[in-house]
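Participant: This is the structure, below, for whatever I ask next.
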Amino acid sequence: MRNASSDAKTHSGSPEANVESHSVSSARSSTLDDDRLLEEIGYVPSFKREFSNLATISFAFSIMGLCSSVATTFNTPLLTGGPASVTWCWILGACMCFTLGSSIAEIVSAFPTCGGLYTASAQLCPPRHRAIVGWIVGWLNLLGQIAGLSSTEFGLANMIWAAVVISKDGDYVVTQGMTVGLFAGLLVFNGILNCLATRQLAHITKSFVFVNLGTTILIIIVLLAMTPRSEMHAASYVFGSAGIVNQTGGWNSGLAFLFGLLSVQWTVQSFPPQDYDATAHISEEVKRAAYAAPSAIFIAVIGTGLLGWLLNIVMVLCSGPLENLPGPSGSAFLEIMALRIGKPGALFLWSFVCLTAFFVCQTSLQACSRMVYAFSRDHALPDRGYFGHVTSFTTTPLRAVWFTTIFSILPGLLDLASPIAANAIFALCAIALDTSYIIPIFLRRLYSRHPEVNFKPGPFYMGDGLLGWAANLTCICWTLFVCVIFCIPTELPVTSTNMNYASVITVGVIVLSGYVRDLSGLFSH
């Protein structure tokens, strides 16, 4: 700071020099503040802070992948609870997810480290519980992220093959081997791109938000313009009782309606593998992280919720006869586009939907690899810190990148032997991530007055008044409720092929984590 001040005085006669000196000084001061906060938590800065505000917001929007996530989850609410379930469950879920996003943004602002919520959880409880809490939350979050990345990439492979089926007028057979092969190739390509330096990743990420939002807005406009008014559904079908169609095979209509929550929960909360705390995982690469990371979460959750609601309304409005969906491609979203826009136009727009899904995987892999790096750095992996290494050439954790890539491929390969087992692994994503989200929020309130817990709020802080308590309690209760919905099979009768294994796997992870005894190395720094 002395050198910067001295330089400013020396060049006081030049306005350009003063502006440049002030900019450099501000940027340097911001970086020093970020690093000082990191050191207070107990970490030595290892990354270059190259992510600007725009890149960070774009990262947060991309991780949610609005149009691609809606496209891949649209079948569930439409074909279980009906069109009205799609419409109302989205806005209900989006409002509840906003309370969760705000609560997590508050914690990320206070603990902007690439460990994310598992680091925060350990800091928000007494020292005697720190290791076990950090261990359980970390493993839930890490395995949920890897499963989510794998399922998202698998969904992208299915989206691409769905486009091929549409282009061949349904006269094309896609085998499991073809899907798995494309899935593995896409993941490897994402791994290669993640080998770039932080500055290059930041530049690439800046464009993601424009493609994501632009594609969504374009689909909305084109569908409304190309659908004759006489063929649009009535308001009672989109918003009313005429749109409640129970197709679960036995569940009551109320529960069938609530299955519509699965779409918004997967899109805004759990579908992309590192949603809310994704910006936390790259926060050590973000400028003014305590401000930028929570702001990105806040903006992305609001934008995704509102624009996603509009997209769902338009899709239902223009959907045509329900009995014709999901069609030969297996994607109701794509079939609706083909019906209204025509096959060439639909495939053109679908290519951008697939591109946004690719962006989701790209940013997800980056965030997940930073989580692996942090977990290894904190000695929670039995690797003696091998994956907690930053390559000097790119100043990024390349070992963690390829660890994440390879382990994300494994669930997809399992699909060749047993699709049921592969789906069970994919199901881990939802409840595992949800559980890892609410534990630090619960601890934040439980130990708020504990003498051994010193919570220092960050710039984004809702306070200890009614607003903060209401947001925290609402998101905890809502997440627990949704976890119950996640555990229920969406079809009756329940068979080995449609059984929902999410709860079984999540409980298994928690139990196995609880039995680990040698935790002395965790957070030893």
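Participant: Give me the one-decimal Kirkwood hydrodynamic radius in Å for the stretch 93-228, with the sum taken over alpha-carbon pairs.
Facilitator: 19.2
Participant: Oh, and also: Pull out the extension gain between residue 92 and residue 189, defined as 0.36 nm times the separation in residues minus the alpha carbon to alpha carbon distance; nm, one decimal.
Facilitator: Residue separation times 0.36 nm, minus the Cα-Cα distance, leaves 31.3 nm.
Participant: What is the diffusion coefficient of the stretch 313-384 in µm²/s, taking the Kirkwood radius over Cα pairs and the Stokes-Einstein relation at 37 °C with a viscosity of 0.692 mPa s?
Facilitator: Calculated translational D: 217 µm²/s.
Participant: Separate question: Restricting things to alpha carbons, tell me how big the stretch 37-176 is in terms of Rg and Dmax, in Å.
Facilitator: According to the Cα coordinates of the stretch 37-176, Rg and Dmax are 20.0, 62 Å.
Participant: Run the numbers for residue 450 and residue 218: contour at 0.36 nm per residue of separation, minus the present Cα-Cα distance, in nm.
Facilitator: Length gained between residue 450 and residue 218: 78.3 nm.
Participant: Once neighbouring chains are kept in place and the probe is 1.4 Å, which whole percent of the accessible area of the stretch 46-522 is contributed by carbon and sulfur?
Facilitator: Whole-percent figure for carbon plus sulfur exposure: 68.
Participant: If you don't mind, there's one more thing I want to ask. Obtain the nm distance between the two label points defined at residue 442 and residue 485 by a simple spin-label model: each point lies 7 Å from its Cα along the Cα-to-C-beta direction.
Facilitator: If labels sit at residue 442 and residue 485, their model points lie 2.0 nm apart.
Participant: Using the Cα centre as the reference, give the magnitude of the dipole from point charges on the C-beta atoms of the stretch 46-522 (Lys, Arg: +1; Asp, Glu: -1; all else neutral), rounded to the nearest 20 debye.
Facilitator: The dipole magnitude comes to about 1080 debye.
Participant: What is the projected area of the convex hull of the Cα atoms of the stretch 59-103, averaged over all directions, in nm²?
Facilitator: Orientation-averaged projected area of the Cα hull: 3.5 nm².
Participant: Moving to a separate point now. What order do you get for 211-218, 73-80, 452-459, 57-64 when each peptide is scored by the mean count of other beta carbon atoms within 10 Å, highest first?
Facilitator: Result, highest mean first: 57-64, 73-80, 211-218, 452-459.
Participant: While we're looking at this one, here's another question. How far apart, in nanometres, would the label points at residue 206 and residue 225 be if each is projected 7 angstrom from Cα along the Cα-to-Cβ direction?
Facilitator: Placing both labels 7 Å beyond Cα along the Cβ direction yields 2.9 nm.
Participant: Next up: Less than 22 Å apart at the alpha-carbon level, and either on another chain or at least 8 residues along: which lysines does that give for residue 343?
Facilitator: Residue 343 reaches 168.
Participant: Go through 190-200, 92-102 and give me the packing order, highest mean Cβ count within 10 Å leading.
Facilitator: Per-residue Cβ counts within 10 Å, averaged per peptide and sorted highest first, yield 92-102, 190-200.
Participant: When N counts the residues of the stretch 155-249, how does its alpha-carbon radius of gyration compare numerically with 2.2 N^0.38 Å, as a ratio?
Facilitator: Rg over 2.2 N^0.38 Å, computed on Cα atoms: 1.59.
Participant: Taking the Cα of residue 199, stepping 7 Å toward and past its beta carbon, and measuring to each backbone N in the stretch 46-84: which are under 17 Å?
Facilitator: Taking a point 7 Å out along Cα→Cβ of residue 199, the residues of the stretch 46-84 whose backbone N falls under 17 Å are 47-53, 55.
Participant: In straight Cα distance, which lysines are under 24 Å from residue 456, not counting same-chain residues fewer than 8 positions off?
Facilitator: Partners found: 287.
Participant: Based on the alpha carbon coordinates of the stretch 292-352, what radius of gyration and maximum Cα-Cα distance (Dmax) apply, in Å?
Facilitator: Radius of gyration, then largest Cα-Cα span, for the stretch 292-352: 14.9, 46 Å.
Participant: In addition: Rounded to two decimals, what ratio of Rg to Rh does the stretch 125-192 give with C-alpha atoms and a Kirkwood Rh?
Facilitator: Reported Rg/Rh, Kirkwood definition of Rh: 1.29.
Participant: What order, most packed first, do the peptides 465-475, 436-446 have when packing is the mean number of other Cβ atoms within 10 Å of each residue?
Facilitator: Descending packing order for the listed peptides: 436-446, 465-475.
Participant: At 1.002 mPa s and 20 °C, plugging the Kirkwood radius over alpha-carbon pairs of the stretch 356-421 into Stokes-Einstein gives what diffusion coefficient in µm²/s?
Facilitator: Translational diffusion coefficient: 166 µm²/s.
Participant: Kirkwood Rh over alpha-carbon pairs of the stretch 46-522, then Stokes-Einstein at 10 °C and 1.306 mPa s: what D in µm² s⁻¹, rounded to an integer?
Facilitator: 71
The values are calculated or read from the model by the stated rules, or taken from the named source; none is laboratory data. Computed from a prediction, not measured in an experiment: that's the story for all the values here. FYI the Cβ positions are ideal-geometry reconstructions off the backbone, even for glycines, and counts take in every protein chain you see. Side chains are part of the model used for accessible areas, which takes the heavy atoms of the whole protein and leaves out ligands, DNA and RNA. Shrake-Rupley method; radii C 1.70, N 1.55, O 1.52, S 1.80 Å.
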